[in-house]
Amino acid sequence: MDWEYLQPVTIRFGNGTIKDIRMTAEEYGYQNGLLVCDSFFLQNGLAETILSENEGILTGIYGDISPNPDVTEVDACADMIRKNKHGFLVALGGGSSMDCAKAAGSICLTNDSIRKYHGTGETMPMEHLPLIAVPTTAGTGSEVTCVSVLTDHENGKKSPIVSNGFYPSIAIIDPELTYSMPPKVTASTGIDVLCHALEGYWSVGHQPVCDALAFHACQLVFRYLKRAYLNGEDREAREKMAEASVIAGMAFTLPKTTASHACSFPLTNLYHIPHGEACGLTIDYFARINAEAENKRLEKMAVKLGFSDVEEMADAIHDLKEDLGLRNDLKDLNLAEEQVKELVQISRHPNLYNNPVDITDEMLYEMYESFL
Ligand SMILES: NC(=O)c1ccc[n+]([C@@H]2O[C@H](COP(=O)([O-])OP(=O)(O)OC[C@H]3O[C@@H](n4cnc5c(N)ncnc54)[C@H](O)[C@@H]3O)[C@@H](O)[C@H]2O)c1
Ligand SMILES: [Zn+2]
């Protein structure tokens, strides 16, 4: 088996490391930075605090970012960067803020709209501003990935853009920043970590380094997610989930995600189910489907994780979602036949082809029917 592993992001991990922004920027010679942040941190005052603690280094804030960031937000952020000639970016927030910053940090060096590259197959230019990524959810792992997932609400399109230019320069991972996540966000983002690890592991693009990372991340999620959900100030659980998130990010960025992420896009776009919860809905279903693939390699993972087989692991995931208040069905949506067909059709996203078992429309239809 041939494989290649690459991880160009410097990772600084630890409680209180948010204070390292100044030192990091000075070390790398970054100047005139823009803080690109989740609106939650504008409201709770952290964005202003960071700006004043980094006076002379950070010179502005862009905070107009919604969950599942829109292409227009990326363009607006890029306009601000061009106008103020910012030299680097600090992204503070979950996947939405980091993904917006990644795309804006590239597109600002062109005269284009990000729409030119979103779901069009057009290759993103490699040039980009340096980015310090500071995650505040334990979820996407976007701080170490070369992916920016954007939504074009006007054209009903959610799709990842992949570019080596999207790797942040540095990830500063401060678990304390995740304490303010409400339980619902902890649950949804935490189950996303499990999806990244499992999908990275069973992807047709799997490879040994990412397999090892995926196993480590899965182990941590099974041990600590429920604790973090039940008590957001459980220091150990928050730290271990932050560790799981970044490690799962490294586990999936090269092998890529598969069927659960493919199905999540229409579930989020059409029915506003948060990203992690949407991925989590189908993860145990696809675990069962993928159990036999490639000489039962998922079975080996399940057994190493302490389960007797894939069925027992899938049951445990189902129960975990129940305990976290995450959905295991779509009953409340009262979907009509036409809507199920639409879900099937839009789930046929490129990520579906990374799944180790070919997923037919009939299989997707049967799966969605089982959720009704
Ligand atoms: N780039 C990647 O590699 C990658 C991977 C997976 C998913 N994604 C994308 O990332 C996005 C989801 O990101 P996410 O799950 O991190 O959520 P998010 O960034 O959309 O944030 C979800 C909600 O939590 C709030 N929030 C975030 N951090 C908080 C904190 N510490 N305290 C209180 N509230 C907080 C936000 O305000 C928001 O309302 C989706 O668009 C998804 O498709 C990207
Ligand atoms: Zn995800």
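The table below gives the values:
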{"read-out": "All positions within segment 316-334 that are under 24 Å from the mean Cα position of the chain (by Cα) and assigned to a helix (DSSP H, G or I)", "value": "316, 317, 318, 319, 320, 321, 322, 323"}
{"read-out": "Lone unmet requirement of (1) surrounded by 15 or more Cβ atoms within 10 Å (Cβ to Cβ); (2) out of contact with any Ser or Thr (no Cβ under 8 Å at 6 or more places or on another chain); (3) in contact (Cβ under 8 Å) with a residue 24 or more places away in the chain for residue 53", "value": "(1)"}
{"read-out": "Subset of segment 163-192 that is under 17 Å from residue 254 (Cβ atoms) and more than 9 Å from ligand 1 (Cβ to nearest atom) - its residue that is surrounded by the most Cβ atoms within 10 Å (Cβ to Cβ)", "value": "168"}
{"read-out": "Long-range neighbours under 6 Å by Cβ, at least six apart or interchain, first residue more than 12 Å from residue 317 (Cα to Cα) and not assigned by TED's automatic domain parsing to the domain that holds residue 263 within segment 277-290, second surrounded by fewer than 24 Cβ atoms within 10 Å (Cβ to Cβ) and at pLDDT below 95", "value": "none"}
{"read-out": "Checking residue 82 against (1) modelled with pLDDT of 95 or more; (2) part of a loop (DSSP other than H, G, I, E, B); (3) surrounded by fewer than 24 Cβ atoms within 10 Å (Cβ to Cβ), the condition it does not meet", "value": "(2)"}
{"read-out": "Count - residues of segment 341-363 that are crowded, with 18+ Cβ neighbours inside 10 Å and more than 13 Å from residue 264 (Cβ to Cβ)", "value": "5"}
{"read-out": "Single condition residue 127 does not satisfy, out of (1) in contact with a Gly (Cβ under 8 Å, 6 or more places away or on another chain); (2) under 30 Å from residue 1 (Cβ atoms); (3) surrounded by fewer than 17 Cβ atoms within 10 Å (Cβ to Cβ)", "value": "(2)"}
{"read-out": "Hey, residue 59 touching a strand residue (DSSP E or B) at 6+ places or on another chain (Cβ under 9 Å), among the polar types (S, T, N, Q) and surrounded by fewer than 24 Cβ atoms within 10 Å (Cβ to Cβ) or not", "value": "yes"}
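Results for (1) surrounded by fewer than 24 Cβ atoms within 10 Å (Cβ to Cβ); (2) not in a helix (DSSP H, G or I), shown as yes or no for each residue.
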site	(1), (2)
200	no, no
216	yes, no
222	yes, no
232	yes, yes
238	no, no
241	no, no
251	no, no
256	yes, yes
260	no, no
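The values are calculated or read from the model by the stated rules, or taken from the named source; none is laboratory data. As the structure is a computational prediction, the values presented were derived from the model and not from experiment. Positions of Cβ are generated from backbone atoms using ideal geometry, with glycine treated the same way; all protein chains shown enter the neighbour counts.
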